[in-house]
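**Q** One structure, as structure tokens, below. Some questions next.
The values are calculated or read from the model by the stated rules, or taken from the named source; none is laboratory data. Everything numeric here is computed off the predicted structure, so don't read it as measured data. Reconstructed Cβ throughout: ideal geometry from the backbone, glycine too, with neighbour counts over all protein chains shown.
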């Protein structure tokens, strides 16, 4: 602090007298500080009496020296005051402890939120036993021992939320280097901590979302040609930390089939500074697997509008590509057989209908008995039939010949540069390939028709229509004989696998015939009755053999399954025009006289006569012949059973005739 020239000329006694005139020795210094715009109260600068005496001693020695010493003392006291003010009014909590753990000093920021009483001289662990937000006491002691500063992060519950503090424990040493106290300064880092946690949360969400979407991110430096990427990018590319993250390293990952086009595209994008958006295949170095990726990048420019970096994302789109491929495949192929579908054919026929492809032959084919197989054995067996037909078509046709499943049971073969005779040879080859094939013992049969376009002016769709007409004409001619063969094949298959069912059917047929004769039916009706008796259980061919051969009583669910056989038998027989009447009789043979039967609950004479006869014949045969889960009855016992159910289950007149005239 400067001293003005007027005061430098005063004697020591004058100075002392003027100082004492203020009532406080240091008011003299205060006058000068006020002239220099000092902002601190003079009471904070008071000098003890002993210090004043010391100054008086110097006054007798040399006034200039005295002035210098006093200025130094006053400067030191001002600095001390400044430090104290800075500590007192710091927004960070500050406190000092001696070696015994007693408070020497606390600032306002530390005391206001915590303390209501003066803590100076008290031990910290007595004032704050187990307090959150303070450094560990042992850590404070270690600073006294080592003389080294420690920094620790602590937290405390404040107003229903956590507050975080970064506390530095600073050793204060004396002139000999001994630690005489520690000063703890706590910095509230709650906002920073929350920001860090929010950033970590965002980074976590980004990583997890990248994993979920198979998306990796990266930045590529154009100058160094080095890229840095996320963990997910490494996973997608199948690389480890040692893999070179350079432009050439990236090219090495790309599948050879795509390398040239991707490299050329990148150079074009780099030249034009246009967005990079490309899908290509890679070969992962880690496992040599092939994957599809989608690579999207954007440019970063400096202040001179010069491109410096590229930011990008890479997404594994292998699954999407597979789905897209399947969608494209299914849009032009039949899902069941894998053959081309109608959509493809309608586009392909237009492309192929050129003079260069003449002559063009078209073969139409219709699978015989598909509905019957579906009804008899279920749609799984119907699908098996179609697959075997498709396999025969594939084996018989050449690579350039288009095989199409138009839908349902219809197939088409498109033969470019093929004459009519050659088309007939293709049909013969198809037949030879399925000749030995069967489904549940049922031989495969396809009706074919064909026609050929030889001149450019002919309508290709008219040729197709001709082939279709030829096929249907042949199918009509063969229809009844074919369906009869199919039904006979089904019957042979069923009875061949179920000897007991065959014997049962024969006995029912014979008993029914005897009843028919006894009530005076015509020979034709008796023949129908015998045939219906023989086929009444044909619907069982579609049932699980475990139900038919079960040794124990059937469950309710199995009984419900067994009740399906009249309906199945009806659908099988009704496929043939010649067997429509038989189908009706088979359908109703489990109806009851009182209407409690199935499948339709018909009552009385609404039940066909032949069905009523078969119901009695079947019941008698079941009662008098052993069944898997129950013993048989004697003839007399069976008669009593029929009489008891006469008028409820059975037509009473027919029961009476059967008992009196036949038994």
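**Q** State whether one or more residues within the range 571-591 are assigned to a loop (DSSP other than H, G, I, E, B), over 54 Å from the mean Cα position of the chain (by Cα) and assigned by TED's automatic domain parsing to the domain that holds residue 526.
**A** There is no residue in the range 571-591 that is assigned to a loop (DSSP other than H, G, I, E, B), over 54 Å from the mean Cα position of the chain (by Cα) and assigned by TED's automatic domain parsing to the domain that holds residue 526.
**Q** To continue, here is another question. Taking the options 485, 527, 540, name whichever one is farther than 27 Å from residue 378 by Cβ and not assigned by TED's automatic domain parsing to the domain that holds residue 369.
**A** Details: 485 fails: farther than 27 Å from residue 378 by Cβ; 540 fails: farther than 27 Å from residue 378 by Cβ.
That would be 527, the only listed residue that is farther than 27 Å from residue 378 by Cβ and not assigned by TED's automatic domain parsing to the domain that holds residue 369.
**Q** For a quick check of your reading of the model, give me the residue pairs whose first member lies in the range 211-229 and is assigned by TED's automatic domain parsing to the domain that holds residue 300 and on the phi > 0 side of the Ramachandran plot, whose second is at pLDDT 90 or above and in a loop (DSSP other than H, G, I, E, B), with beta-carbon atoms closer than 9 Å and at least 6 apart or on different chains.
**A** Sorted first by the residue in the range 211-229, then by its partner, the pairs are 214/317.
**Q** Residue 623: buried (at least 16 other Cβ atoms within 10 Å of the Cβ), under 59 Å from the mean Cα position of the chain (by Cα) and farther than 20 Å from residue 570 by Cα, yes or no?
**A** In short, yes.
**Q** Please verify whether the range 486-502 includes one or more residues that are surrounded by 14 or more Cβ atoms within 10 Å (Cβ to Cβ), under 51 Å from the mean Cα position of the chain (by Cα), within 17 Å of residue 572 (Cβ to Cβ) and free of Cβ contacts under 8 Å to residues at least 40 places away in the same chain.
**A** There is at least one residue in the range 486-502 that is surrounded by 14 or more Cβ atoms within 10 Å (Cβ to Cβ), under 51 Å from the mean Cα position of the chain (by Cα), within 17 Å of residue 572 (Cβ to Cβ) and free of Cβ contacts under 8 Å to residues at least 40 places away in the same chain.
**Q** Of everything in the range 413-426, what is in contact with a helix residue (DSSP H, G or I) (Cβ under 8 Å, 6 or more places away or on another chain) and surrounded by 15 or more Cβ atoms within 10 Å (Cβ to Cβ)? Give them in sequence order.
**A** Within the range 413-426, 413, 414, 415, 416, 418, 426 qualify.
**Q** Being surrounded by 15 or more Cβ atoms within 10 Å (Cβ to Cβ) and modelled with pLDDT of 90 or more narrows it down to one residue among 567, 560; which is it?
**A** Exactly one residue qualifies, and that residue is 567.
**Q** Given the structure, is residue 249 closer than 14 Å to residue 215 by Cα and either assigned by TED's automatic domain parsing to the domain that holds residue 212 or in contact with a helix residue (DSSP H, G or I) (Cβ under 7 Å, 6 or more places away or on another chain) (or both)?
**A** no
**Q** In the list 286, 274, which residue meets the criterion of being part of a loop (DSSP other than H, G, I, E, B), out of contact with any strand residue (DSSP E or B) (no Cβ under 6 Å at 6 or more places or on another chain) and touching a residue at least 40 places away in the same chain (Cβ under 8 Å)?
**A** 286
**Q** On to the next question. For the range 149-167, does any single residue satisfy the condition of being over 49 Å from the mean Cα position of the chain (by Cα), exposed (fewer than 14 other Cβ atoms within 10 Å of the Cβ) and either assigned to a loop (DSSP other than H, G, I, E, B) or in contact (Cβ under 8 Å) with a residue 40 or more places away in the chain (or both)?
**A** So far as the range 149-167 goes, yes, one or more of its residues are over 49 Å from the mean Cα position of the chain (by Cα), exposed (fewer than 14 other Cβ atoms within 10 Å of the Cβ) and either assigned to a loop (DSSP other than H, G, I, E, B) or in contact (Cβ under 8 Å) with a residue 40 or more places away in the chain (or both).
**Q** Here's something else I'd like to know. Between 395, 431, 462, which is in the same structural domain as residue 384 (by TED's automatic domain parsing), surrounded by 14 or more Cβ atoms within 10 Å (Cβ to Cβ), in a helix (DSSP H, G or I) and without any contact (Cβ under 8 Å) to a residue 40 or more places away in the chain?
**A** 431
**Q** Sticking with this one: When the residues of the range 301-316 are filtered to those that are free of Cβ contacts under 8 Å to residues at least 24 places away in the same chain and touching a strand residue (DSSP E or B) at 6+ places or on another chain (Cβ under 6 Å), which remaining residue is surrounded by the most Cβ atoms within 10 Å (Cβ to Cβ)?
**A** If we take residues in the range 301-316 being free of Cβ contacts under 8 Å to residues at least 24 places away in the same chain and touching a strand residue (DSSP E or B) at 6+ places or on another chain (Cβ under 6 Å), then 301 is surrounded by the most Cβ atoms within 10 Å (Cβ to Cβ).
**Q** Still on this structure: If you scan the range 434-454, which residues turn out to be outside any strand (DSSP E or B) and under 25 Å from residue 343 (Cα atoms)? Can you show your working first?
**A** First pass over the range 434-454, keeping only residues outside any strand (DSSP E or B): 434-437, 440-441, 444-445, 454.
Scanning the range 434-454 gives a single hit, 454.
**Q** Can I ask one more? Mind listing whichever residues of the range 229-241 are farther than 20 Å from residue 262 by Cα and either over 32 Å from the mean Cα position of the chain (by Cα) or not in a loop (DSSP other than H, G, I, E, B) (or both)?
**A** Answer for the range 229-241, where residues must be farther than 20 Å from residue 262 by Cα and either over 32 Å from the mean Cα position of the chain (by Cα) or not in a loop (DSSP other than H, G, I, E, B) (or both): 231, 232, 235.
**Q** Does residue 597 satisfy being under 52 Å from the mean Cα position of the chain (by Cα) and assigned to a helix (DSSP H, G or I)? Working first, answer last.
**A** Details: under 52 Å from the mean Cα position of the chain (by Cα): yes; assigned to a helix (DSSP H, G or I): no.
No; evaluated as a whole, the condition is false for this residue.
**Q** Still on this model: Return the only residue of 353, 319 being touching a helix residue (DSSP H, G or I) at 6+ places or on another chain (Cβ under 6 Å) and either buried (at least 16 other Cβ atoms within 10 Å of the Cβ) or free of Cβ contacts under 8 Å to residues at least 60 places away in the same chain (or both).
**A** 353
**Q** Before we move on, is residue 592 crowded, with 18+ Cβ neighbours inside 10 Å and in contact with a strand residue (DSSP E or B) (Cβ under 8 Å, 6 or more places away or on another chain)?
**A** In short, yes.
**Q** Please indicate, with yes or no, whether at least one residue in the range 603-612 is within 57 Å of the chain's Cα centre (by Cα) and either more than 20 Å from residue 513 (Cα to Cα) or in a loop (DSSP other than H, G, I, E, B) (or both).
**A** yes
**Q** Go through the range 205-221 residue by residue and tally those that are surrounded by fewer than 17 Cβ atoms within 10 Å (Cβ to Cβ), closer than 23 Å to residue 247 by Cβ and touching a helix residue (DSSP H, G or I) at 6+ places or on another chain (Cβ under 6 Å).
**A** Summing the residues that are surrounded by fewer than 17 Cβ atoms within 10 Å (Cβ to Cβ), closer than 23 Å to residue 247 by Cβ and touching a helix residue (DSSP H, G or I) at 6+ places or on another chain (Cβ under 6 Å) in the range 205-221 gives 0.
**Q** Name every residue in the range 93-109 that is in contact with a strand residue (DSSP E or B) (Cβ under 6 Å, 6 or more places away or on another chain) and closer than 17 Å to residue 139 by Cα, in order of residue number.
**A** Correct list: 94, 95, 96, 97, 98, 101, 102, 103.
**Q** May I pose another question? Please go through the range 367-392 and give me each residue that is at pLDDT below 90, in a helix (DSSP H, G or I) and touching a strand residue (DSSP E or B) at 6+ places or on another chain (Cβ under 9 Å), ordered by number.
**A** Once the filter is applied, which keeps residues that are at pLDDT below 90, in a helix (DSSP H, G or I) and touching a strand residue (DSSP E or B) at 6+ places or on another chain (Cβ under 9 Å), the range 367-392 yields 372, 373, 376, 377.
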